[in-house]
Amino acid sequence: MTSNQAAADPTLTPAWAELAALAAALDGTTIRALCEGDPQRLDSLAWTGAGVSLDATRQRVTPDVVAALLRLAQERDVLARRDQMLAGGHINVTEDRAVLHTALRAPAGSALVVDGQDVSADVQDVLARMSAFADDVRSGAWMGASGQRISAVVNIGIGGSDLGPAMAYLALRHFSDRDMTFRFVSNVDPTDMVEALHGLDPAETLVIVASKTFTTLETMSNAHAARDWVVGALGEDAVSRHFVAVSTNAELVERFGIDTANMFGFWDWVGGRYSMDSSIGLSTMIAIGPAGFRDLLAGFHAMDVHFASAPAEANLPLLMGLLAVWNRNFLGIQMTAVLPYSQYLSRFPAYLQQLTMESNGKSVRLDGAPVGYDTGAVFWGEPGTNGQHSFYQLLHQGTTTVACDVIVVARSDNPLGDQQDMLVANALAQASVLSMGRTSAEVAADGTPAALVPHKVMPGNRPVSVIMVESLRPHALGALVALYEHSVFTQGAVWGIDSFDQWGVELGKKVAMGILGDLRAGSADDPVLDGPTRASVERYLAMRG
Ligand code: G6Q
């Protein structure tokens, strides 16, 4: 083994071998047995940081496992890599870029110079412009072309330019201006656009075209459709009053007809899925106001500071990421269900799907060699209690073990009788049943007929983390998102992969453009089409008529 191999391959570290041995020794030991056997567990497996509490007592781990995971982090230089990221090192190796979403929420005067550029001054400059604009829209000082106040904002973007703003708008709706309507259009399916514009008055609508590149097929098609809608009603001159852009591409923004004075920039060191706190969050800022947005940024920053400075053994994102590595690589768990017990967080699982799977769904290491171990898990989920009445059956009794993140918001912004207690009772009940289960003896002791006993046994032993925040004010949402961001970073650093590129999504886009040419020509003769695709094109052309 060369030292390069050892540096690239986590399985060659002593801690990896130690963890494998610990996993073998724990085989057959249930979470319930671990909890019953260690009354101190609560003290050693629950942590708090930046207002977020992470309770890992229901994970299938012992304090020894956590200690070995921390050694793995050390042997993998995770914290050194974290410091490199925070200092603007080009840790996105395949794109040769810095990864600096943390700079987006650093307080003014943070004095970070990267690649010769004063990053913090740039960030504050854009934030100030966004704030002035958001205030103008909210106060009515910014008017549409016919002098009417803006009452609706339509954000057009996709992927990282949609999921964050759409998730955040729902999550922070309680803090939003209720006199305004916010809609989010992402899909190239024309239905998305048509339904989003339904009932809106172009004279009172502001369209935000959110696209880092300003070339994305879906976004540009939808932006042109919205442009036609506005121009059809108000004339060509209305474009500059009804469209603003969030982009890094001034040239294309201008060509679209948007005044670059109304363009809010960001930088190539902000990855799409890490951009909800950049100017991509303009719709969020208009919805909750600049002060609310600053509170959101402060929450992100509080978790950044925690990640940067808390000791490893009490560092939430580090520990959460390491537990994910344990579940994935040593317990062989392939999926994580995100189960927010908060209706406001109903799009949070979708948001996390991109953050986690686009970041860590990789199968080559930084040095280009194939990984010989599992990387990113599948993330999915739905808010509780709804999920309980649908897919939880599989979580409880299916043959696939799914790790669960149960997210609890302690205080409701909408108290209604004791419904909040009902909600939290359900969250904690699920966390308990998933992890502790119910044995056949316990089921039988309830007087269950013998034939039914095996059907009612709950195997338990599903690893569960309970993540709790006091309330869902913007600060808490920021801290929660940053927790997952840094957990994703930690996993990627252990695995030695590039968590910040996304080459796997490129080829499909290119192939689609080729097929689009065929569909426009109405022909399936293209020799580059593979057999099944040619047949599907023919079937589609016949059905389309
Ligand atoms: C995220 C990805 C991707 C991106 C979209 C939209 O990390 O890069 O989801 O955000 O493809 O790209 P544009 O903002 O350039 O339109």
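Scanning region 145-179 for residues that are among the basic types (Lys, Arg) and in a loop (DSSP other than H, G, I, E, B) yields a single hit, Arg178.
Yes/no per residue for (1) of a type in the set (Phe, Trp, Tyr); (2) open to solvent by 10 Å² or more (accessible area, probe 1.4 Å):
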{"position": "Ser279", "(1), (2)": "no, no"}
{"position": "Met303", "(1), (2)": "no, no"}
{"position": "Glu313", "(1), (2)": "no, yes"}
{"position": "Trp326", "(1), (2)": "yes, no"}
{"position": "Asn329", "(1), (2)": "no, yes"}
{"position": "Tyr351", "(1), (2)": "yes, no"}
{"position": "Gly361", "(1), (2)": "no, yes"}
{"position": "Tyr373", "(1), (2)": "yes, yes"}
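Restricting the first member to region 265-282 and to residues that are on the phi > 0 side of the Ramachandran plot, and the second to residues that are within 8 Å of the ligand (Cβ to nearest atom), no beta-carbon pair is closer than 6 Å while six or more apart or on different chains. A count restricted to region 211-251 and to residues that are within 17 Å of Ser278 (Cα to Cα) and either open to solvent by 30 Å² or more (accessible area, probe 1.4 Å) or touching a Ser or Thr at 6+ places or on another chain (Cβ under 8 Å) (or both) stands at 10. From the list Asp228, Asp237, the lone residue that is assigned to a helix (DSSP H, G or I), away from the ligand (no atom under 16 Å from the Cβ) and in contact (Cβ under 8 Å) with a residue 60 or more places away in the chain is Asp237. Filtered by the rule that a residue be in a helix (DSSP H, G or I), under 23 Å from Gly89 (Cβ atoms) and not β-branched (Val, Ile, Thr), region 111-140 gives Ser120, Ala121, Asp122, Gln124.
The single condition from (1) in a helix (DSSP H, G or I); (2) in contact with a helix residue (DSSP H, G or I) (Cβ under 7 Å, 6 or more places away or on another chain) that Leu54 fails is (1).
Name the one entry in Phe182, Phe214 that is away from the ligand (no atom under 15 Å from the Cβ) and either in contact (Cβ under 8 Å) with a residue 24 or more places away in the chain or assigned to a helix (DSSP H, G or I) (or both). Full working, then the answer.
Working: Phe214 fails: away from the ligand (no atom under 15 Å from the Cβ).
Result: Phe182 is the single residue among Phe182, Phe214 that is away from the ligand (no atom under 15 Å from the Cβ) and either in contact (Cβ under 8 Å) with a residue 24 or more places away in the chain or assigned to a helix (DSSP H, G or I) (or both).
For Met276, the conditions (1) in a helix (DSSP H, G or I); (2) within 16 Å of the ligand (Cβ to nearest atom); (3) at pLDDT 95 or above are fulfilled apart from (1).
Residues in region 252-273 that are open to solvent by less than 10 Å² (accessible area, probe 1.4 Å) and part of a loop (DSSP other than H, G, I, E, B) were compared, and the one that is farthest from the ligand (Cβ to nearest atom) is Ile258.
Just checking, which of Asp118, Asp135, Asp77 is touching a residue at least 60 places away in the same chain (Cβ under 8 Å) and farther than 26 Å from Ser487 by Cα? If you could, list the steps in order and put the result at the bottom.
Details: Asp118 fails: touching a residue at least 60 places away in the same chain (Cβ under 8 Å); Asp77 fails: farther than 26 Å from Ser487 by Cα.
The conditions single out Asp135.
The values are calculated or read from the model by the stated rules, or taken from the named source; none is laboratory data. What you see is a predicted model, and the numbers here were worked out from it, not measured in a lab. Glycine also receives a Cβ, built like all others from the backbone with ideal geometry; neighbour counts cover every protein chain displayed. All accessible areas refer to the heavy atoms of the entire protein, side chains included, with ligands and DNA or RNA removed. Shrake-Rupley method; radii C 1.70, N 1.55, O 1.52, S 1.80 Å.
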